[in-house]
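Everything below concerns the one structure shown next.
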Amino acid sequence: MPRLAAAFLLLLVGCARTGPPRAPAQGPDRTLLDNVRATGTLSSLAEALEASELAETLDGPGPYTLFAPTDDAFASLPDSLRSRMLAADPARYNLLAYHLVPARLVPSDFDGRDVRTLNGASLRIERRDSVSTVNRRPLLRTLPARNGVLYVIDAVLMPPGAQE
C-alpha cells in the first residue's frame, strides 16, 4: 500500500508541474510561422496566414523575409478590407504575399533598394536616420527564424492597385 500511495503522490506532483498549456516558443530555431503564432501582437496575421496557403510556405525551408503587421495595424484597416482578409478572397493572398520576400534580408540590405515580393510587386527598403524602413514604415522588432527573418511593422502594406 505505501508504494501505491507514493506512486499516486508522484503522479499528482507531475501533473501540478505541467500546469496550463504554454504558448509556442519563438526563436531563431523556429520557423517564421512558429514565430508569428508565438508573438502575442501578431494574432490577426496568424489567423489570416492560417486561412491562406501561405502558412505552409512560412513553415517550409525558405529563406523568406516577412514584414509582419501588428494586430493594431489590422484593426486600423477599413472593415471591408479586414473582412476580406479573413474570408476566402483572392485579395487576401495578394495582400499577404506583398508582405513576403523570397530572400533573407538582413540590416545591411536596407540600402535604398526595391525588393520583389511573393506577389510580384516591389517594396522599398531603406535606412533613414539609423532606422530601417519598408515603404517608409519603421521596423519595430526583428525575430530571426530558421527559415528567414520576421520584421514587425505598424501598418498593413498595400500593394500597388489594391483597393482599400
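The values are calculated or read from the model by the stated rules, or taken from the named source; none is laboratory data. If you're wondering where the values come from, they're calculated on a predicted model, not measured in any experiment. Don't worry about glycine lacking a Cβ; one is built from the backbone with ideal geometry, like all the others, and counts go over all protein chains shown.
Observations on the structure shown:
- The residue that is modelled with the lowest pLDDT, among those in segment 89-106 that are surrounded by fewer than 17 Cβ atoms within 10 Å (Cβ to Cβ) and part of a loop (DSSP other than H, G, I, E, B), is Asp89.
For every residue, the table says whether it meets (1) under 16 Å from the mean Cα position of the chain (by Cα); (2) without any contact (Cβ under 8 Å) to a residue 60 or more places away in the chain; (3) under 13 Å from Leu32 (Cα atoms).
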site: Ala46; (1), (2), (3): yes, yes, yes
site: Pro63; (1), (2), (3): yes, no, yes
site: Asp72; (1), (2), (3): yes, no, no
site: Leu95; (1), (2), (3): yes, no, no
site: Val115; (1), (2), (3): no, yes, no
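- No other residue among Asp34, Asp111, Asp79, Asp71 is within 15 Å of Leu143 (Cβ to Cβ) and either modelled with pLDDT of 75 or more or polar (S, T, N, Q) (or both) apart from Asp34.
- Val101 vs. criteria aliphatic (A, V, I, L, M) and in contact with a strand residue (DSSP E or B) (Cβ under 6 Å, 6 or more places away or on another chain): yes
Results for (1) under 13 Å from Tyr64 (Cβ atoms); (2) among the acidic types (Asp, Glu); (3) free of Cβ contacts under 8 Å to residues at least 60 places away in the same chain, shown as yes or no for each residue.
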| position | (1), (2), (3) |
| --- | --- |
| Arg104 | yes, no, yes |
| Ser122 | no, no, yes |
| Asp129 | no, yes, yes |
| Thr133 | no, no, yes |
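Residue-wise test of (1) β-branched (Val, Ile, Thr); (2) surrounded by 15 or more Cβ atoms within 10 Å (Cβ to Cβ); (3) assigned to a loop (DSSP other than H, G, I, E, B); (4) without any contact (Cβ under 8 Å) to a residue 40 or more places away in the chain.
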position: Ser108; (1), (2), (3), (4): no, no, no, yes
position: Asn119; (1), (2), (3), (4): no, yes, yes, no
position: Ile125; (1), (2), (3), (4): yes, yes, no, yes
position: Thr142; (1), (2), (3), (4): yes, no, no, yes
position: Val149; (1), (2), (3), (4): yes, yes, no, no
position: Val156; (1), (2), (3), (4): yes, yes, yes, no
position: Pro159; (1), (2), (3), (4): no, yes, yes, no
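- Hits in segment 24-76 (condition: among the acidic types (Asp, Glu) and either surrounded by 18 or more Cβ atoms within 10 Å (Cβ to Cβ) or closer than 14 Å to Leu150 by Cβ (or both)): Asp29, Asp34, Asp59
- Residue check for Ser130: surrounded by 14 or more Cβ atoms within 10 Å (Cβ to Cβ) and of a type outside the set (Lys, Arg): no
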